[in-house]
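None of the figures in this text is laboratory data; all of them are computed from the coordinates on show. Predicted model only: the values in this text are computed from it and were never measured. Don't worry about glycine lacking a Cβ; one is built from the backbone with ideal geometry, like all the others, and counts go over all protein chains shown.
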Amino acid sequence: MRPVFAVLAVFVPVAAWSQQPRSPDHVDVIENHASATANYGENLRKSPGSLRAEVSRLAGKAEDEAAKADPASGNACSSSCPVVQEPAHILLSIVPNKFLSGYDEEQKCEELMKQTSSRPLRFGPRRARTEKEVGAWLSDVSQGHGEDGTVLYSKCSGKCSPRYLLDVARDGDGFVANLDVVCGPARDKTDNTYAVSSGYRWACRAAR
């Protein structure tokens, strides 16, 4: 698989993720973590330690790990829900290291966090022929462009910050991308760093 996430730097400065590692129909394996800066100059140069560099690096590692992983050896799913033997999906998350407190709309953002943590705003499936098309879609959504972006910022408005979980899978010669968004507290922009994580997802099926 070619690097799916090499183009995703266009949207990462506003991303974050509320992780749910296990569910009835899948299990997530998150193996890669880094701290990265959203400094504009460093990201423009794709300097080591910038979001652009770390997102590309960690997503690439997740792709390599998923290709080599054996779900059966790790007991990924429960005995009643065996792993489906198919290529794993690639996951990417970015979480601000620091959030505001005591600000206008704090109560509103906390309430939205509760609501969307249990039921994330979902966009997709989005079919794309290339990685660049996936990146362009995510860029539009994160900036409030297009139909999906308009919906997102109507539901996660004001100072509240959207957080993203990206799930990308191969679909023949192209890709299928799904985006789950949690709307939560505003990030503290005096701390311009993020925790970046990547991994992969095994799909499960109920035993007959």
Can you pick out the pairs among Lys98/Lys155; Lys61/Lys98; Lys108/Lys189; Lys155/Lys189; Lys46/Lys108; Lys114/Lys189 whose Cα atoms lie more than 28 Å from each other?
Lys46/Lys108
Applying the Karplus parametrisation 6.51 cos²θ - 1.76 cosθ + 1.60 with θ = phi - 60° to the phi angles of region 105-111, what ³J(HN,Hα) value in whole Hz is obtained for each residue in order, glycine and proline being reported as x?
6, 4, 5, 4, 5, 5, 5
For Lys189, Lys68, which order do you get if you count the other beta carbons within 10 Å of each Cβ and list the fewest first?
Lys68, Lys189
Around Ala36 (Cβ within 13 Å, Cβ-to-Cβ, excluding Ala36; K/R +1, D/E -1) the net charge comes to 0
For Arg129 and Thr193, calculate 0.36 nm times their separation in residues minus their Cα-Cα distance, and state this gained length in nm to one decimal.
19.8 nm
